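Here the structure comes first, spelled out in structure tokens, and everything after it is commentary.
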Amino acid sequence: QFAFQENEIKLLTAEIERLKNFGCLGVSPSLEGLRDENAKLKYRLNFLKKSLQEERSKSTKSMININSCLQEIFGAAIQAAYPDLENPPLVVTPSQQPKFGDYQCNSAMGISQILLKTREQKVIPREIAEKIAKNIPANDCIEKVEIAGPGFINVHLRKDFVSKQLSSLLVNGVQPPAIGKRKKVVVDFSSPNIAKEMHVGHLRSTIIGESMCRLFEFAGHDVLRLNHLGDWGTQFGMLIAHLQDKFPDYLTVSPPIGDLQAFYKESKRRFDTEEEFKKRAYQCVVLLQSKNPDFIKAWNLICDVSRREFQKIYNCLDITIIERGESFYQEMMKDIVKEFEDKGFVQVDEGRKVVFVPGFPVPLTIVKSDGGYTYDTSDLAALKHRLCEEKGDILIYVVDSGQSVHFQTVFAAGQMIGWYDPKVTRVAHAAFGVVLGEDKKKFKTRSGDTVRLIDLLEEGLKRAMDKLKDKERDKVLTPEELKAAQTSVAFGCIKYADLSHNRLNDYVFSFDKMLDDRGNTAAYLLYAFTRIRAIARLANIDEQMLQKAAREEVLVLDHEKEWKLGKCILRFPEILQKILEDLLLHTLCDYLYELATTFTEFYDSCYCVEKDRQTGQIVKVNMWRLLLCEATATIMAKGFDILGIKPVQRM
């Protein structure tokens with residue numbers, strides 16, 4: 001990108017010189033056209049120079065993805081060694097053991113197989129590895145390479161390169177890795193139903209979706225967070241009919257609906273048992289869909305009660321989301337049906353209008369036999385709106401695995417009709433498994449009901465406070481600090497327990513496990529973080545002193561544990577890059593746990609602050625080690641922020 005812009009600057013500069021030679025820098029009025037041309041060129045030149053400076057300054061602040069750098073280096077080496085080979089395998093991974101260097105390039109084995117298959121050349125991988133190693137271009141990051149075993153290339157990084165990257169992190173803060181073009185990302189998550197309470201099933205979508213949004217925002221993308229509420233449909237007929245009976249003056253006096261769940265159950269019972277009520281409920285649906293003002297008001301009243309309940313949960317979990325429910329797409333559905341009809345995709349089956357999508361046995365029903373629309377119709381309308389109106393480059397639907405076939409069919413229909421090209425626009429279903437109880441069955445209350453999310457959060461707060469009091473934290477923390485620690489631990493543990501599991505799997509919900517301060521839990525990581533932050537504070541080193549040291553000190557990485565920690569810190573951008581590609585957030589949790597345990601190894605082996613054993617007085621502060629503590633805490637804080645976890649300074 002820089003090379004392209006620099007080349008354009010050279011061409012523009014040459015063109016301006018050419019125009020100068022024609023005497024068109026404002027000499028003769030007859031040369032007005034040339035003068036305009038010259039002004040445009042100068043403007044373009046200044047714009048390009050400015051944008052090049054901005055890009056350079058951004059790129060110097062961006063954290064370097066070392067894995068990507070090494071892939072570029074080895075990609076160039078393989079190209080030089082085997083120029084005729086098309087799409088050779090490029091495999092670079094962090095080494096699992098120090099004796100194998102810091103990273104490994106394992107491409108030689110794959111190239112050996114390709115040469116055998118395509119050219120019938122039998123070349124042993126070790127020879128290929130040696131040829132690649134000889135063609136490695138000059139670079140700033142590799143100290144040396146070694147060929148090991150059958151053809152692994154072990155890569156040793158330069159210490160001054162790692163030290164420089166750590167200093168840059170400390171001076172510039174945690175910056176996102178360079179991502180190229182900024183994209184519009186639309187994330188559909190949470191999506192509860194009006195008149196029903198949020199339950200534990202909504203927990204996963206809400207937490208995973210929020211975290212994905214935070215990650216894409218941190219990477220520099222424009223993110224639209226959408227709550228596809230179930231706020232339309234036949235159930236509103238029975239709710240409005242019941243509202244009219246129970247609160248006949250609802251148009252003038254706001255009805256005191258305290259328990260909307262009970263209200264829903266009452267209306268459902270009447271709908272199932274009272275024939276007259278059922279008929280009236282259907283009439284209410286017709287009047288609502290025809291936008292009768294009284295019925296729209298009743299609908300809004302019911303929606304508002306639900307919204308207030310949902311917002312309590314979103315406030316607890318620090319969720320930011322824009323409501324755009326099924327009702328938003330109602331006016332678009334007629335046009336969606338017409339578009340599919342006009343393109344010849346609609347078939348009539350027993351009065352229904354259906355669309356068969358190649359590769360999917362079950363068709364989409366876009367109009368029911370009674371003329372009503374379906375979830376299929378509203379999801380197609382939402383898909384088109386997000387692609388064509390919102391101009392989304394990446395669409396992510398955070399919905400449970402049970403909806404996989406439905407979404408695959410809807411997405412395939414969108415491709416079939418020409419709304420998007422999957423090579424250009426990414427449309428993904430980020431599916432997740434169910435929450436299980438400790439009996440490994442679907443998580444329910446003792447009476448067999450679905451667990452209400454608000455009850456779960458309140459139980460989390462109670463248990464977090466019990467845990468803090470068991471540890472006698474109430475004796476050392478102020479009431480404000482204790483409250484902050486309680487909410488941090490309670491909601492942090494609930495979020496982390498979910499996010500630390502591969503979202504594709506079911507997971508067992510256990511307060512005891514998630515509040516354990518040993519192992520890969522938020523309780524352990526939050527405690528580790530507060531300890532790391534306390535090291536500099538207890539050494540009387542403030543933030544200004546750390547910033548000054550970051551600019552002036554060289555980070556010495558002579559001890560093996562310093563070296564291990566330094567490399568671990570710098571793997572953060574490659575972890576984020578991987579998650580942007582596969583949307584699996586447990587990778588970040590695993591990394592934060594590895595970082596915390598690597599820090600513990602470092603702290604146990606390397607004195608950061610040396611004290612007199614008799615007096616306890618500080619005799620020496622090893623500033624470069626305090627800077628490693630600070631770099632660790634900075635990365636952990638950003639990791640917590642992406643996961644939606646709020647650490648505290650004292651715990």
Exercise for review: May I ask for the distance between the Cα centers of region 148-168 and region 495-556, given as a whole number of Å?
Suggested key: 26 Å
**Study point:** Dipole-positive endmost among Phe263, Phe247, Leu317 within region 238-321 (Cβ charges, Cα centre)
**Key:** Leu317
Check your understanding: Per 10 Å bin, what is the whole-percent P(r) computed from every C-alpha pair distance within region 290-412?
Key -> 11, 33, 34, 18, 3
Review point. If you take the beta carbon distance between Glu472 and Arg158 as r and set R0 to 56 Å, what does 1/(1 + (r/R0)^6) give as a FRET efficiency, to the nearest 0.05?
Key: 0.70
**Study point:** Among the listed pairs Lys441/Lys467; Lys312/Lys469; Lys265/Lys297; Lys99/Lys440, those beyond 31 Å (Cα-Cα)
**Key:** Lys99/Lys440
Exercise for review: Work from the charge dipole of the chain (Cβ charges, +1 for Lys and Arg, -1 for Asp and Glu, about the Cα centre) and give the residue of Met416, His559, Leu588 farthest towards its positive end.
Suggested key: His559
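Past the 24 Å Cα-Cα mark, which pairs from Lys196/Lys442; Lys246/Lys442; Lys61/Lys183?
Where the Cα-Cα span goes over 24 Å, the pairs concerned are Lys246/Lys442.
Using a/c under 1.5 as the rounded threshold, could you call the chain rounded, prolate or oblate? The axes a ≥ b ≥ c are square roots of the C-alpha gyration tensor eigenvalues, and prolate needs a/b larger than b/c, oblate otherwise.
oblate
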Exercise for review: Would you mind telling me the antiparallel percentage of the DSSP bridges in the chain, rounded to 5?
Suggested key: 60 percent
**Study point:** region 64-157: relative contact order in percent, alpha carbon pairs under 8 Å with at least 6 residues between
**Key:** 30 percent
Point to revise | Centroid-to-centroid separation of region 126-146 and region 367-440 [C-alpha atoms, Å] | key: 46 Å
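If R₀ is 30 angstrom, what is the calculated FRET efficiency for the pair Gln79 and Leu584, using the beta carbon separation as r and rounding to 0.05?
Working: r = 31 Å, r/R0 = 1.03.
After rounding, the FRET efficiency stands at 0.45.
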Check your understanding: Pulled fully out, how much extra length does the chain show between Asn172 and Ile114, if you take 0.36 nm times their separation in residues and subtract their Cα-Cα distance?
Key -> 16.5 nm
**Study point:** Percent carbon-and-sulfur accessible area, the chain, ignoring ligands, DNA and RNA, probe 1.4 Å
**Key:** 51 percent
Point to revise | Under 16 Å from Lys279, Cα to Cα: lysines that are on another chain or at least 8 residues apart | key: Lys268
Exercise for review: Across region 520-651, how many lysine pairs, 8 or more positions apart or on different chains, have C-alpha atoms separated by under 26 Å? Please give the number.
Suggested key: 22
Check your understanding: Sorted by average packing, counted as other Cβ atoms within 10 angstrom per residue and highest first, what order do 230-239, 549-558 take?
Key -> 230-239, 549-558
Exercise for review: Would you mind working out the magnitude of the charge dipole of the chain relative to its Cα centre, with +1 at each Lys and Arg C-beta and -1 at each Asp and Glu C-beta, to the nearest 20 Debye?
Suggested key: 860 debye
Practice item. Determine the calculated [θ] at 222 nm for the chain from helices alone, applying -39500 (n - 2.57) to every DSSP H run no shorter than 4 residues and normalising by the residue count; nearest 500 deg cm²/dmol. Key: -18000 deg cm²/dmol
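With a ≥ b ≥ c taken as the square roots of the eigenvalues of the C-alpha gyration tensor of region 64-157, please select rounded if a/c is under 1.5 and otherwise prolate if a/b is larger than b/c or oblate if it is not?
prolate
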Revision key, fill the gap. Extension length gain for Thr252 and Lys423 (0.36 nm per residue less Cα distance), in nm, is 56.1 nm
Review point. Using the alpha-carbon centroid of each, what span in Å lies between region 243-285 and region 560-628?
Key: 59 Å
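The values are calculated or read from the model by the stated rules, or taken from the named source; none is laboratory data. What you see is a predicted model, and the numbers here were worked out from it, not measured in a lab. All Cβ positions, even for glycine, are placed from backbone atoms using ideal geometry, and neighbour counts span all protein chains on display. Just so you know, the surface numbers come from the protein's heavy atoms only, side chains and all, with ligands and any DNA or RNA stripped out. Shrake-Rupley method; radii C 1.70, N 1.55, O 1.52, S 1.80 Å.
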